[in-house]
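Working notes, beginning with the structure itself.
What follows is calculated from the coordinates using simple rules that are stated; it is not laboratory data. If you're wondering where the values come from, they're calculated on a predicted model, not measured in any experiment. Using ideal geometry, Cβ is built from the backbone for each residue, glycine included, and neighbour counts are taken over all protein chains shown.
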Amino acid sequence: MKKAFLLSLLSCALLSGACAPKAAPVKTCIFPGDYPDPTILRDGKDFYMTHSAFTYFPALLIWHSTDLIHWEPVVRAVEEGDYSIFAPELCKVDGKFYLYYPTSRGENYVVTAERIEGPWSEPVKLDVGGIDPGHVVAEDGSRYLYTNNGFVTPLTPDGLAAAGKPQKVYDGWVFPADWETEGMWLESPKLLRRGDWFYLVSAEGGTAGPATSHMVVVARSKSALGPWENSPHNPLVHTYSADEAWWSKGHGTLIDDADGNWYIVYHAYRNGYHTLGRSTIIESVGWTKDGWPVLTEPDGARWEQGGLQGDYGYLRDFSNPLLWAKWQPGHPDGTLWTTTAPDASYEITAEFSVPEGGKAGLYLFYNDEAKVGYAGDGDGLCLRIRNEQNSVSIWKKEGEGEWTLLQEGVDVSGFHHNNYQGFFALRPAYLVGGGARLLGFNYEAL
């Protein structure tokens, strides 16, 4: 508490007489659940956002908002792929939308669209390595793509190919040696221009591991290529203690609205729930007199309702096919459709039509090694899974029969990246194969 109070006083002093927000401060989670590595774009008064897709296809679900708090799904930009998609970059240049994204094969691709709703182009492979692309238009109009470890590659004017070799231009910010992290892991370069300065917002510390691993750091330069000067107020965002509401806060992007208010959008794990994946969070930002971004409220301070507020109805409309994606590695018994649970406790129920020789199932699925659920056959098969804060029970019913308890109190708290890698989340999923059909799916927050 003493540290938070001192940080609060420091924030007030830094913002006194500076460019402080004009609107009431915002500090909330806007995408609870598996919504990591957010990339956000403002186009006039409209905001668009997408996240890492990993091995779920169709991929790169784009969301739209006019107030940064309430969102609606618009389109999935990439239909197919035989790789995992990591942290993307959404931008707009000369009236065209671009989505740059890296893959598990060590390659970077780009898709484009004239309208955010699409159609989106087929992926174009770039001669650019690294991960976490960040696009910038330089002071002379040239285009560049930053990637992890401080590298930058020039692009052709159309943004669809590399125009030269990568060069290293940034070494990151050296955090205290006694901080508990996964390592340096300089990544997630996000760039913007404000006044005479270019700002480079990066992630360090590793994206999982200990609760205090991740962070957001800021540097600036008069040129898009540096040299880069680190902020004296780094880190902009960081989890200082495992007692905080959010763990491993990092991977941030600075964004303004049409009224001149500034925010940072980043991801974090909910305290105690690595299984849910990394949620997307937004906080208000002000600018110091000498032009550095700082949080309006101190890091680690007020978090209402454990960091959650609102009903998140836009994340629970599972009748919308845009909220579902296939597990691309496949399943031997059919197609596994997955979605994202925004809640720590919930119940899912599914009813299937299963012809002879078919199979259907309902799971909480991380990967083939970490899953819990049931698959079977028989027309009129109904399955139910209840997840109560990582304690899972499973029921089965056939036709008009009674519900039968199959498993009770299964501990799934260890089904997450720190144990099984992949950066996935424990997702509700249903299986259909051999002509089986899903007749109904219900999700209820508990």
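A few notes on this one:
- Under the simplified labelling scheme, the LYS222-VAL124 pair shows an inter-label distance of 3.4 nm, with each label point 7 Å from Cα along Cα→Cβ.
- Across the stretch 120-163, C-alpha contacts under 8 Å between residues 6 or more apart give a mean separation that, scaled by the residue count, equals a relative contact order of 32 percent.
- In the elastic network of the chain, a GNM with C-alpha springs shorter than 10 Å, the most mobile of VAL174, VAL26, VAL372 is VAL174.
- Were the residues from ARG437 through ASN320 laid out at 0.36 nm apart, the gain over their Cα-Cα distance would be 40.5 nm.
- Helix axis angle, 2-15 relative to the chain longest principal axis, alpha carbon, degrees: 50
- Taking the centroid of alpha carbons for each part, the stretch 335-409 and the stretch 32-66 are 28 Å apart.
- Loop-located chymotrypsin sites (Phe, Trp or Tyr not before Pro) across the stretch 321-416 with a Cβ neighbour count of 15 or fewer within 10 Å are TRP403, with loop assigned by DSSP.
- In plain terms, the chain is cut at each of the GluC sites (Glu not before Pro) found in a DSSP loop with at most 10 other Cβ atoms within 10 Å, and the longest leftover piece is 1-355.
- Dipole in debye (nearest 20) - the stretch 321-445, about Cα centre, beta carbon charges: Lys, Arg +1; Asp, Glu -1: 360
- Stretch in the chain that is longest and holds no trypsin sites (Lys or Arg not before Pro) that DSSP places in a loop and that have at most 16 other beta carbons within 10 Å: 303-446
- Between ASP46 and ALA242, the distance separating the two model label sites (each 7 Å from Cα on the Cα→Cβ line) works out to 4.5 nm.
- Tensor-based shape of the stretch 2-314 (alpha-carbon gyration tensor, a/c under 1.5 rounded, otherwise prolate or oblate): rounded
- Shape call, the stretch 272-409: gyration tensor on alpha carbons, a/c limit 1.5: prolate
- Sequence-distant aspartates and glutamates (8 or more away, or on other chains) whose Cα lies within less than 14 Å of LYS168: GLU187
- Anisotropy class of the stretch 208-352 from Cα gyration tensor, a/c 1.5 cut: prolate
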